[in-house]
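For reference, the structure is listed below as C-alpha cells.
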Amino acid sequence: MQLRRWGMAQEIGILSVFDSGRLKERPSFWLSLLKWLLLTPRLVVLTLLALVFIVANVLSYFAVLLTAKFPQDKFDFNARVAHWTWRVGFYSLEEFIYRNWSSIDWGSALELYQTDRHGGRRFPAGAWTIDFLARDRDTNDLVIIQLKRGDTSDSTVGQLLRYASWVREKVAAESQNVRGIIITKKTDSALEYAVKNLAFVEVKTYEVDFHLRLTPIKTLTPPESVAASVEKQALEAR
C-alpha cells in the first residue's frame, strides 16, 4: 500500500505532490486470507441486494413516468444498500491500515491515541465516530484521519472540520494543535478546492500493489549422477 500526500502550492494556488509514503512490510498472507473469508458472506449478501437494487430502480423508473415522483420507500432502500456497500468496501481499508499501522510511513511519527476507555481506532466523538485519532510523537499534535468513503467531498471535509472542533474542545490540551488527514482513492476538483485554504488538512491517496515473485528452487541431483560421482571418488582414492 502506498500513500501519497497532496498539498497546496500557495504561490500559484494549484495542487501539487510533495511527499509520499509506502508500506515497508508485506502483510501476512494467512491473515489476509482469513479477512477475506470473513468478508465473503457480506459480499454474497451484497450481490443479492445488487440484483434487488436493479429491479427496484427499474420499477421506480416506471413509477416516475406514471406519478412524476420517485417512490420514497425505493429511495430509502437504495440509500441503505449504497451506504452498506461503501461500509463493507472501506472496512477492508480501515482494517488494513489498523493492522499495518507501524509499517506505514505517514511522513511523521504517528501513534494511535489511547485513553483509559478508548483506543485510537473508531474513536467516539460525542454522537459521531472518528475513523482514526492519532498523536504525533514529535510535535504532540493530535491528528484526525478520515477515510473518504462514498460520501461527497464536501461531506468528507465537513465531517473532518466537525471532528477537529470537537477534538480541540474535548480532547486536546491547551497547547496542542489538531491536524487532519483525508485518505481517498483519488481526488477530484471539489475536494481540492475544499481543502485549498485549510493549512491543517492534508489529502493522501493510496495505492495497493500486488506482486508475484518467482522463488528459485535448487535442482536436485539425479540418482545416476550421484552414482557416477561416488564411483569417480572411489577411483581417485585408489
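Efficiency by 1/(1 + (r/R0)^6): what FRET value for LEU59 and SER165, r their Cβ-Cβ distance, R0 = 35 Å, to the nearest 0.05? The value I calculate is 0.25.
The fewest-to-most ranking of LEU110, LEU49, LEU133 by surrounding Cβ atoms within 10 Å reads LEU49, LEU110, LEU133.
Calculate the length of the line joining the C-alpha centroid of the stretch 56-85 to that of the stretch 164-181, in whole Å. Cα centroid to Cα centroid, the span is 41 Å.
Listing PHE75, PHE29, PHE96 from fewest to most neighbouring C-beta atoms within 10 Å gives PHE29, PHE75, PHE96.
Other residues within the sphere of radius under 11 Å centred on the Cβ of LEU59, judged by their own Cβ, net out at 0 (K and R +1, D and E -1). Pairs from the list LYS170/LYS204; LYS148/LYS204; LYS148/LYS186 with a Cα-Cα gap above 21 Å: LYS170/LYS204. Relative to the current alpha-carbon distance between SER189 and THR67, full extension at 0.36 nm per residue lengthens the span by 40.3 nm. Residues TYR113, TYR193, TYR163 in ascending order of nearby Cβ atoms (within 10 Å, fewest first): TYR193, TYR113, TYR163.
Computed from the coordinates by the stated procedures, all read-outs in this text should not be read as laboratory data. The structure presented is a predicted model; accordingly, all values stated were derived computationally and were not measured. Using ideal geometry, Cβ is built from the backbone for each residue, glycine included, and neighbour counts are taken over all protein chains shown.
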